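A.B. asks: Quick one: the structure is below, and I'll ask about it shortly.
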Number of protein chains: 2
Amino acid sequence: MKVIEKILESTAAGDAGKTVFSFEFFPPKTEEGVENLFERMERMVAHNPTFCDITWGAGGSTAELTLEIARRMQNLVCVETMMHLTCTNMPVEKIDHALETIKKDGIQNVLALRGDPPRGQDKFVQIQGGFACALDLVEHIRKSYEAHPEVIESNGLATPEAYANDLAYLKRKVDAGADVIVTQLFYDVDNFLKFIPSEITAALEPIKDNEEAVRAYGVQLGTEMCKKIMASGIKTLHLYTLNMEKSALGILTNLGLIEESKISRPLPWRRPTNLFRLKEDVRPIFWANRPKSYITRTTGWEQYPHGRWGNASNASYGALTDHQKFMKYCLGQLKTSPWSELDALQPETKIIDEQLASINLKGFLTINSQPPVNGAKSELPSVGWGPAGGYVYQKAYVEFFCSGDKLNALVEKSKAYPSLTYVAVNKDGNLVSNVGINDVNAVTWGVFPAKEIIQPTVVDPSSFLIWKDEAFEIWSRGWAQLYSEDDSSRTLLQEVQNTYYLVSLVDNDYINSNLFTVFKDF
Amino acid sequence: MKVIEKILESTAAGDAGKTVFSFEFFPPKTEEGVENLFERMERMVAHNPTFCDITWGAGGSTAELTLEIARRMQNLVCVETMMHLTCTNMPVEKIDHALETIKKDGIQNVLALRGDPPRGQDKFVQIQGGFACALDLVEHIRKSYEAHPEVIESNGLATPEAYANDLAYLKRKVDAGADVIVTQLFYDVDNFLKFIPSEITAALEPIKDNEEAVRAYGVQLGTEMCKKIMASGIKTLHLYTLNMEKSALGILTNLGLIEESKISRPLPWRRPTNLFRLKEDVRPIFWANRPKSYITRTTGWEQYPHGRWGNASNASYGALTDHQKFMKYCLGQLKTSPWSELDALQPETKIIDEQLASINLKGFLTINSQPPVNGAKSELPSVGWGPAGGYVYQKAYVEFFCSGDKLNALVEKSKAYPSLTYVAVNKDGNLVSNVGINDVNAVTWGVFPAKEIIQPTVVDPSSFLIWKDEAFEIWSRGWAQLYSEDDSSRTLLQEVQNTYYLVSLVDNDYINSNLFTVFKDF
């Protein structure tokens, strides 16, 4: 979606006085820095910025990294992403390569810049086959603009002539098709409001050695600046985060624009922003804790399921061949379990954590679960999602590994509980089930005013057979291989992998749920 | 769906001992007889026969009527229909015309017969360009068979030779592709079991002048016959109803195969059997009381919505140009209101009949409604539908005509009830609404074990604008025209038509519903 549309939608819809915000990041210098940035970004994106942007790096020096970060932002973090693009050192072929790459990645927003002169040069010189200015670039791609500090004099003020020129030039860029205008970073609101930056450094001098004090001053200053901006009637704040989380979130908290307890979810999983999967609103539950793996596997599907799962039941899931990335997902960023990519257990899991602990002790090794929900208000932070005024539902679900013996006993006991349906499969594909392979079961759904029923999470036996390959592989690749070949832990883990069943168990009676009762005599 | 598939599905699925039944009808001689037959058929079809068939009439004499009845059975009554087709007086062009007609009408079942000789002839003679026997016809269309009574001698028994020949001939028809075999009407089970009819008339002699006694004897005899048939292991009963309702239903009731209180509904409206709309499972609520009008309007849609309504929101509704049929729908068969094609109020309406009466007295002239339902068991006869073990839901709904003044007051009062959404429109198309034109609202849905959410009824503002033309037209065409031109009733009705609004009102809070509270101060 185009940033301008999101801004218009947010500021127009219902609450016309709403102020929206966005975050800007730059490409870190090290691989570890990149992973840290993404962890930070996940937390910041939870507050629903209108968009985030990533800078291009001086002279195109970070071109490939910027493209890769933009791709991950749009597709895996699932935030609307705007990529910066400058003319510096960029012949038109390189510009087109960048534009084609992001187009393929489902990104629709570019911040078009002339860029600084290449390192060591004073003045920007148009390269052979390149562009002379952002206007050229806007005309080439009909995109965005910023005011460039070159017209600012050494006293921090622009000449009246430069000011007039700059405004006229801005008008031409808009005339050429620019939708959104982003100012350069600034500290002086009055000058911003007059369209000219100024300086603030003096106030920092006395506290410059006290990092905490500098940060607190920054947050305080930022808050005051934003208040002044908002008081002037401007409803769109774009924060240059300098890749830092706390100051940006601190300012927005002070302004009352975000609140930790009010993080809302449009769907139980983060809605895709990629142009090609905008309509996607149904997913199998199996990848609930591995959304990035799911997105990666299903990239390139011609149609993403929406409304119901049926249409996509024959879609092929790509094999997860990039094992290095796979390992990183399993072991690098992830702190809870090799089967989860998430930072922590989902909040709703707390509702059933004692039952889960109990059945784990009995030899049912759980890797995924959700509690039953019978018409909870959609605003509830724990299980709620979707627009206000609705009701959400879940069928109780638990997914686990267990031995063949345990499975047999469970199948026997479950006959006394007709509302339970299960699908179980071992590594070799032996299937034990009391439902049909095409019986797609909606396990999370929501009912909202003037809307059709939304059913974002399903148990689909066909998808389960794809998921089991990934789930079983984690025993060896994600875990056993951490031990040396003759280590007894490794032997044990491999035996589990070869003999256990992966079991998906649903209690279809979400009103009088007894999912865990079937385990009570184990 | 092919009858053989339905039989196999019914007798195989789960309850392997289940006996299924079907009804046979013949084309009545008068137009009134046809309408009576359809009323009877509606009630009989409510008991879910596997299929119904309609005979071809001696010598093709009823060909066009049989084709029309078959079309209405399949498409408007929505019962799986088998049409008889004989070779008598039928050159191949006529046979192909009949086959093409039913194919277009979404009918997949033909009972292929040789037929009796033409009236006045003793022996069947193959006509120029026609077929000699059912085998030819089966080979021509790969369809069905019956044992023909011509091989039966005057004592009611077949010769051993004829018996052997007939069995061999039957085998050839099956080899040629016949799926289902229907015996000729018979009264002697032992002979049926030996594949030869016998007589029963003697037993009727003493009671032949007492119609009630004859009927009671018939039901008793039929019941005993069926018991004997079922005891022999046969699971498929085909009843030649002779277009009579009570005997056929009486026998099935005695056998425990049907029960008035156990009529179940796969969906809130009768599921289509037409081949082309098998997947249809979502409809706008507006035609809830006029299903035949809805089916007629939407015949020929390329895709019928399933899963959700969104996909079909742009489908065009044909104009209802056949006014004679329209009038018949409105005034002929229908006893409740010009806006309903149904025999009586739907059972669930009893839940809210007092409230409805009350608001009608206040000037809100209701034509459609449903009570709120919050997770009722799917087996409940009043509001239940779909497979057992599920839960069904409804948002409270009411649709009515009212004056512009009443509408304005209602709009004002509804501000105190944020869960209410409405769309109102007058004859000229002036729209008053608090939802968007594309806000499709699911107002009936069901949650079932191992299934996606089913949402068969929606309020779709776009469809509402189509429906309003039909609804307003009924004021004049269905009502005002009953009076002479200068009658004051006619003037009043036409004024109502020209000035009132048609209003669709939903209470989106089906858990704490207060749809009628908003009317309390009128």
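Rule-based calculations on the coordinates, nothing more; no lab input. This structure is a prediction, so every number in the text was calculated from the model and none was measured. FYI the Cβ positions are ideal-geometry reconstructions off the backbone, even for glycines, and counts take in every protein chain you see.
A.B. asks: Which distance in Å, rounded to a whole number, links the C-alpha centroids of the range B:386-402 and the range A:228-242?
C.D. replies: 47 Å
A.B. asks: Now for a different question. Net charge near B:F522, counting Lys/Arg +1 and Asp/Glu -1 over other residues with Cβ under 13 Å of its Cβ?
C.D. replies: Its environment carries a net charge of +1.
A.B. asks: Right, next: Starting from the range B:202-237, pick out the trypsin sites (Lys or Arg not before Pro) whose DSSP state is loop and whose Cβ has at most 14 other Cβ atoms within 10 Å.
C.D. replies: On the way: sites: B:K208, B:R215, B:K227, B:K228, B:K235; in loops: B:K208, B:K235.
Here the sparse-neighbourhood loop sites are B:K208.
A.B. asks: Between A:E32 and A:L255, what is the FRET efficiency for a Förster distance of 41 Å, r being their Cβ-Cβ separation, to the nearest 0.05?
C.D. replies: 0.80
A.B. asks: Using 0.36 nm per residue, how much length does the chain from B:E211 to B:K413 gain when fully extended, once their Cα-Cα distance is taken away? Let's see the in-between values first.
C.D. replies: On the way: separation 202, 0.36 × 202 = 72.72 nm, distance 6.18 nm.
Contour length minus Cα-Cα distance gives 66.5 nm.
A.B. asks: After finding the eigenvalues of the alpha carbon gyration tensor for the range A:337-454, what semi-axes result from the square roots of 5 times each, listed largest first in whole Å?
C.D. replies: On the way: eigenvalues 165, 67, 35 Å².
Gyration-tensor ellipsoid for the range A:337-454: 29, 18, 13 Å.
A.B. asks: Cα centroid distance between the range A:122-140 and the range B:416-471, in Å?
C.D. replies: So the separation of the two Cα centres works out to 54 Å.
A.B. asks: Could you go through the range A:509-518 in sequence order and give the Karplus-derived ³J(HN,Hα) for each residue, using 6.51 cos²θ - 1.76 cosθ + 1.60 with θ = phi - 60°, rounded to whole Hz, and x for Gly and Pro?
C.D. replies: 8, 7, 8, 10, 7, 9, 3, 8, 4, 5
A.B. asks: Could you work out the relative contact order of the range A:280-519? I mean the mean sequence separation of Cα pairs under 8 Å and 6+ apart, divided by the number of residues, in percent.
C.D. replies: Relative contact order for the range A:280-519 comes out at 23 percent.
A.B. asks: If each label sits 7 angstrom from Cα along the C-beta direction, how far apart, in nm, is B:Q481 from its counterparts in the other copies?
C.D. replies: Inter-copy label distances (nm, one decimal, shortest first): 7.9.
A.B. asks: Give the nm distances, rounded to one decimal, from A:G404 to the matching residue in every other copy, measuring between label points 7 Å along Cα toward the beta carbon; shortest first.
C.D. replies: Taking the point 7 Å beyond Cα along Cα→Cβ, the inter-copy spacings are 7.9 nm.
A.B. asks: Further, regarding this structure: Starting from the Cα-Cα distance between B:N434 and B:S382, subtract it from 0.36 nm times their residue separation and give me the gain in nm to one decimal.
C.D. replies: Fully extending the segment from B:N434 to B:S382 adds 15.6 nm.
A.B. asks: What are the distances, in nm and sorted shortest first, from the label point of B:V92 to the label points of the same position in each other copy, with each label point placed 7 Å from Cα along the Cα-to-Cβ direction?
C.D. replies: Relative to the other copies, B:V92 has label-point distances of 6.7 nm.
A.B. asks: Between the DSSP loop rule and a limit of at most 16 other Cβ atoms within 10 Å, which GluC sites (Glu not before Pro) in the range B:364-446 are left?
C.D. replies: Within the range B:364-446, the qualifying GluC sites (Glu not before Pro) (loop, at most 16 other Cβ atoms within 10 Å) are B:E379.
A.B. asks: How much net charge surrounds B:G250 when only other residues with a Cβ under 15 Å from its Cβ are counted (Lys, Arg +1; Asp, Glu -1)?
C.D. replies: Neighbourhood net charge equals -1.
A.B. asks: Continuing with this model, one more query. Which lysines have a Cα less than 26 Å from the Cα of B:K228, not counting those fewer than 8 places away in the same chain?
C.D. replies: B:K6, B:K18, B:K171, B:K194, B:K208, B:K246, B:K262
A.B. asks: What does the charge dipole of the range B:390-522 about its Cα centre add up to, to the nearest 20 debye, if the Cβ of each Lys and Arg holds +1 and the Cβ of each Asp and Glu holds -1?
C.D. replies: Computed charge dipole of the range B:390-522: roughly 400 debye.
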